[in-house]
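Asker: Take a look at this one; I'll ask things after.
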Amino acid sequence: MSAMGSIQQRNLRYLALIFFLLTASSPAAESLSKPSISMNPAGEVTWGQDVSITCSISTQHLGGTFLLQQTSGSFRKTQTSSTNSATFIIPKVNFDNEGSYQCQYQTSVSSRDFSSPLSDSVRLSVTVRLPKPNISMNPAGEVTWGQDVSITCSISTQHLDGTFLLQQTSGSFRKTQTSSTNSATFIIPKVNFDNEGSYQCQYQTSVSRRDFSSPLSDSVRLSVTVSLPKPSISMNPAGEVTWGQDVSITCSISTQHLGGTFLLQQTSGSFRKTQTSSTNSATFIIPKVNFDNEGSYQCQYQTSVSSEKVSSPLSDSVRLSVTVRLPKPNISMNPAGEVTWGQDVSITCLISTQHLGGTFLLQQTSGSFRTTKTSSTNSATFIIPKVNFDNEGSYQCQYQTSVSRRNFSSPLSDSVRLSVTVSLQPPSISLTSPNRGSEVTRGDSFVFTCSTSSHYPTGVFFLIFSGSNITDPKPAVNHSASFNFPAAEYEHQGNYSCVYEVTWSTRKYTSPTAAPIIVVIKMPLLPLISSVAGGGLLLLLLVLVVCLVVKRRRRAKQPGTIFQTQLSVRGSNDYEDDEEEEDEQDYVNVDSVYTKGKLKEEATSGEEEESDEDHDYEEAGPSANSIKATVVCFGVNDNREGESSDDEDDYVNVNQSSDDDEDDYVNVTQPFVEQTVDIYGENEDLNMA
């Protein structure tokens with residue numbers, strides 16, 4: 001095997017030597033190899049792209065020229081190269097550049113031109129490659145039912161004036177739009193659930209009468225929803241609601257999807273109500289609310305669109321707060337107005353409410369008085385027994401009750417004023433003296449006793465003399481006080497009365513004045529008798545003289561007539577009331593003398609009519625200058641029985657005489673002492689009975 005190999009190698013050497021000798025001896029025998037050709041990019045070339053075609057040859061004869069030519073076209077280019085290759089650039093290829101290309105190498109050796117054979121061909125195929133369009137949707141994401149949606153397709157290419165296609169990937173929707181720009185916008189009006197799905201764009205154009213289409217764009221998802229707005233909610237009445245009141249809550253929504261259902265629910269409770277409405281609102285009534293209804297409430301709207309159920313978001317919440325509003329109580333007091341000290345007072349509190357069984361409170365607005373009273377009705381009466389000045393002031397009522405274990409209080413009532421006053425009755429006054437009645441003998445002692453039946457035992461008595469106090473006040477002991485006068489004097493004569501005074505809480509209350517007692521001071525008996533006796537003797541002598549004169553005259557007219565003299569002299573003292581008259585037929589009446597002659601007072605004063613009108617009166621005082629007596633009747637009568645005088649009794653008037661013989665009379669007047677004390681500034685007739 002090694003021998004055979006060596007023989008073959010030797011043969012090959014001989015052949016190469018022969019080939020060298022042949023080529024070296026003849027220039028015609030010189031030849032160039034077939035060039036190589038390559039294109040970049042290989043395959044289809046995008047319209048407008050630059051293409052490079054490289055020609056190369058394996059030869060030692062460098063410095064030649066490469067030729068690139070289109071096999072079936074007019075394209076022909078040459079390029080001299082000092083190397084064994086050359087690259088031809090075809091910029092921005094278009095469909096005119098399509099075809100097969102070949103290379104050839106030409107060179108000159110010893111002034112002789114040589115050309116290589118043509119290379120293999122490369123095929124230049126030009127195509128229009130459109131990029132994938134962009135797609136966008138507005139609004140993005142979920143789209144509200146009935147809203148308009150816009151989808152925009154755009155492409156980055158120089159081949160304009162094409163057509164954009166928008167199609168639903170799984171549906172029948174397909175729309176085209178020609179655009180002179182690189183984008184187009186498709187409007188889908190008032191979307192509904194039929195428009196839901198994915199959408200893609202494509203661009204189609206024609207270049208040199210060839211149609212090209214871009215790949216499909218990415219997809220956008222159109223999701224349609226019925227987006228209901230948040231409902232509005234309102235409550236009437238707003239704020240706190242009174243226990244037992246009806247409350248209305250209104251839910252409303254702004255939507256075109258009517259005919260749905262409103263839902264009202266308690267956020268933290270079991271309350272839940274629905275109401276179908278053909279309008280955009282619904283009102284829920286919660287009757288007679290109580291504390292179980294307290295809480296927050298929200299609304300929701302539910303409806304069906306294209307067989308799909310949709311719900312609105314929950315509304316804002318409203319707070320239902322329940323309270324018991326008690327009205328202001330009424331208050332009344334009995335008796336009304338000023339109340340007498342020690343009297344019982346009743347104050348009645350009354351309220352108009354359904355929450356009975358509560359407690360009434362009565363309190364003094366500016367004091368410590370405070371009392372309560374539970375009542376099963378709507379009123380309570382408070383008794384304040386035997387009121388005094390500590391009870392004075394303004395009073396107010398309040399009502400307190402418990403509802404569902406919660407305490408509630410009414411506002412304070414208006415106030416009533418309790419004013420306490422002391423109502424004093426006029427006291428009584430009595431006179432105690434050795435004499436009877438209101439006459440006191442000068443020098444005797446006398447006592448005034450003032451008394452009252454008042455409920456106020458801590459008062460004092462004042463003794464009033466002719467309108468002014470004459471003694472210091474004396475405290476009441478067992479409702480009375482005594483005022484002593486050890487010796488009566490004429491200045492003690494006058495009107496006496498009592499006043500009762502009580503002091504409570506720095507306030508003084510005075511009773512009306514008691515009915516007055518008129519005190520008359522009279523002379524002692526012995527001086528009066530001596531005065532009367534002296535004057536009486538003189539009077540008797542005068543009377544005897546007059547009687548003798550009359551007797552003679554009557555005898556001259558009627559002889560044989562027997563006459564009888566009656567004479568009675570009476571002093572003005574009480575001790576003569578008990579003496580018997582010695583001779584009832586002989587008398588002298590001494591008329592009473594009034595200090596200032598005011599006879600008209602006798603007709604109006606009941607106190608001066610206590611004495612017998614048939615008695616005679618006189619006044620005496622220590623400064624009396626005279627004694628006055630009046631002979632009321634002095635007569636001379638015929639004593640014979642059965643015999644009547646033709647003439648009437650004749651009287652002789654010593655002071656004045658009458659010429660009439662048929663009516664003759666004598667008035668003998670002896671002046672008495674005159675002294676009268678006017679205690680009221682006016683004349684009073686004092687009866688000296």
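Asker: Hey, can you rank 109-116, 547-554 by average C-beta count inside 10 Å, highest first?
Answerer: On the way: 109-116: 12.1, 547-554: 15.0.
Listed from highest to lowest mean packing, they are 547-554, 109-116.
Asker: From zero outward in steps of 5 Å, how is the percent of C-alpha pairs of the stretch 90-143 spread across the bins?
Answerer: Taking all Cα pairs of the stretch 90-143, the binned fractions are 4, 13, 11, 11, 10, 9, 8, 7, 6, 6, 4, 3, 3, 2, 2, 1, 1 percent.
Asker: Could you please put Ser268, Ser379 in sequence from largest to smallest accessible area, using a 1.4 Å probe? Show your work: numbers first, answer last.
Answerer: Values: Ser268 100, Ser379 35 Å².
Highest to lowest solvent-accessible surface, that is Ser268, Ser379.
Asker: Mind listing the long-range amide H neighbours of Asn435? Cut-off is under 5 Å, sequence gap 5 or more, other chains count too, H placed in the peptide plane at 1.01 Å from N.
Answerer: Thr441
Asker: Could you sort out which of Lys386/Lys508; Lys522/Lys551; Lys92/Lys175; Lys92/Lys132; Lys288/Lys309 sit more than 30 Å apart by Cα distance in this structure?
Answerer: Beyond 30 Å: Lys522/Lys551; Lys92/Lys175; Lys288/Lys309.
Asker: Something else: Report the Cα centroid-to-centroid distance between the stretch 297-339 and the stretch 414-491 in angstrom, as an integer.
Answerer: After rounding, the separation between the Cα centres reads 73 Å.
Asker: Continuing with the same structure: Compute the separation of the alpha-carbon centres of the stretch 129-195 and the stretch 340-386 and state it in Å as a whole number.
Answerer: Value for the Cα centre distance between the two parts: 86 Å.
Asker: Any chance you could run the full-extension gain for Ser111 through Thr78? It's 0.36 nm times the residue separation minus the Cα-Cα distance, nm to one decimal. Don't skip to the end; give the middle numbers.
Answerer: Numbers: separation 33, 0.36 × 33 = 11.88 nm, distance 2.01 nm.
That pair, Ser111 and Thr78, stretches by 9.9 nm at full extension.
Asker: A further question follows. Per the Kirkwood treatment, what hydrodynamic radius in Å, one decimal, follows for the stretch 368-466 from the mean inverse distance over all distinct Cα pairs?
Answerer: Working: mean 1/r = 0.0512 Å⁻¹.
With all distinct Cα pairs of the stretch 368-466 included, I get 19.5 Å.
Asker: Based only on the alpha carbon positions, what is the Kirkwood hydrodynamic radius of the stretch 413-517, in angstrom? Before the final figure, lay out each step's value.
Answerer: On the way: mean 1/r = 0.0671 Å⁻¹.
Kirkwood radius, the stretch 413-517: 14.9 Å.
Asker: I'd like the accessible area for Asp50, computed on protein heavy atoms only with a 1.4 Å probe and all protein chains in place. Round to 10 Å², please.
Answerer: 90 Å²
Asker: Here's another thing I want to ask about it. Report, to one decimal in Å, the Kirkwood hydrodynamic radius for the stretch 29-118 based on all distinct Cα pairs.
Answerer: Numbers: mean 1/r = 0.0732 Å⁻¹.
Here the Kirkwood hydrodynamic radius works out to 13.7 Å.
Asker: Take peptides 306-313, 342-349 and line them up by average Cβ neighbours within 10 Å, highest first, as a rough protection proxy. Can you show the working numbers first?
Answerer: Details: 306-313: 13.2, 342-349: 17.8.
Result, highest mean Cβ count within 10 Å first: 342-349, 306-313.
Asker: Ok, one more. Taking every eigenvalue of the Cα gyration tensor of the stretch 59-199, multiplying by 5 and rooting it, what semi-axes result, largest first, whole Å? Could the numbers behind the result be given before it?
Answerer: Numbers: eigenvalues 705, 31, 27 Å².
After scaling each eigenvalue by five and taking roots: 59, 12, 12 Å.
Asker: Also, quick follow-up: How big is the stretch 152-301 along each principal axis, measuring the range of its Cα positions in Å and listing the largest first?
Answerer: Computed over the Cα atoms, the extents are 89, 26, 25 Å.
Asker: Tell me the accessible surface of Glu491 in square angstrom (1.4 angstrom probe, heavy atoms of protein chains only), to the nearest ten.
Answerer: Approximately 120 Å² for this residue.
Asker: Taking H as built 1.01 Å from N, whose amide H comes closer than 5 Å to the amide H of Ser206, not counting residues under 5 places away?
Answerer: Long-range HN contacts for Ser206: Phe212.
Asker: I need to check one value: relative contact order of the stretch 282-405, counting alpha carbon pairs closer than 8 Å and at least 6 residues apart, in percent.
Answerer: Values: 205 pairs, mean separation 27.8, N = 124.
Once normalised by length, the contact order is 22 percent.
Asker: Given the Cα-Cα distance of Thr274 and Arg210 and 0.36 nm per residue of separation, how much length would full extension add, in nm? Working shown, then result.
Answerer: Numbers: separation 64, 0.36 × 64 = 23.04 nm, distance 6.64 nm.
My answer for the length gained is 16.4 nm.
Asker: Next up: Rolling a 1.4 angstrom probe over the protein chains, ignoring ligands and nucleic acids, what is the accessible area of Cys201 in square angstrom, nearest 10?
Answerer: Near enough 0 Å² of accessible area.
Asker: Amide H to amide H, which residues 5 or more places from Val149 or on other chains are under 5 Å from it, using H placed in the peptide plane?
Answerer: Close amide H contacts, sequence-distant or interchain: Ile188, Lys190, Val191.
Asker: Protein chains only, probe 1.4 Å: how do Leu537, Leu258 rank by accessible area, largest first? Show your work: numbers first, answer last.
Answerer: On the way: Leu537 115, Leu258 85 Å².
The residues order as Leu537, Leu258, largest area first.
The values are calculated or read from the model by the stated rules, or taken from the named source; none is laboratory data. Keep in mind the model is a prediction, meaning the values are calculated, not measured. Virtual Cβ from ideal backbone geometry, glycine too; neighbours counted across all protein chains shown. Areas reflect the complete protein model, heavy atoms only, side chains present, ligands, DNA and RNA absent. Shrake-Rupley method; radii C 1.70, N 1.55, O 1.52, S 1.80 Å.
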